[in-house]
Amino acid sequence: MDDHFYRAKVDRHIFVDFGLLKSLHPNLVCCLLQLESQLGGGSYSEPLANPQVGSPSSHTLMSYFSEIDLHIITLLEGERKVDQPIHQADYFKELSPESLDHTINRFSRLLAPFV
């Protein structure tokens, strides 16, 4: 049961904000673009994984907001380590061309109905 528990943090605010926006704009496509995953496992730390399947804790959070189809897009490989400041050169990660292409293609597919 511990795997299916989510300790509310900033992520919950994202869902609340998307929920409010979706009530005004029902056709809204909700995307979360992140440099690195900090979602506790799953394949969100693998940008090229298809399909991406989140961790039990991310599924628990998303179940509270089932009316929102959130597309989570990660640019960099691996889990974010909070004790390693990503703005310092020692902790920079390389953005691969494949990850960038994959991200552009996902956005293109998600936004195609609106063009």
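The values are calculated or read from the model by the stated rules, or taken from the named source; none is laboratory data. Since the model is a prediction, treat every value here as computed from it, not as a measurement. We place every Cβ from the backbone using ideal geometry, glycine too, and count neighbours over all the protein chains shown. Side chains are part of the model used for accessible areas, which takes the heavy atoms of the whole protein and leaves out ligands, DNA and RNA. Shrake-Rupley method; radii C 1.70, N 1.55, O 1.52, S 1.80 Å.
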Largest first, what is the accessible-area ranking of LYS81, LYS22, LYS93 with a 1.4 Å probe? LYS81, LYS93, LYS22
Once the other residues with Cβ under 10 Å from the Cβ of LEU75 are scored (Lys, Arg +1; Asp, Glu -1), what is the net sum? -1
As a test question: what accessible area, to the nearest 10 Å², does ILE72 have when a 1.4 Å probe is rolled over all protein chains in place? 10 Å²
Ranked from the most accessible area to the least, with a 1.4 Å probe and all protein chains present, what is the order of ILE86, ILE68? ILE86, ILE68
Could you please put ASP17, ASP83 in sequence from largest to smallest accessible area, using a 1.4 Å probe? ASP83, ASP17
Checked region 54-115 with the C-alpha gyration tensor, a ≥ b ≥ c its square-rooted eigenvalues, rounded below a/c of 1.5, otherwise prolate if a/b is larger than b/c and oblate if not; verdict oblate
Taking placed amide H atoms and a strict 5 Å upper bound, the residues 5 or more places from ILE72 or on another chain that come that close are LEU32
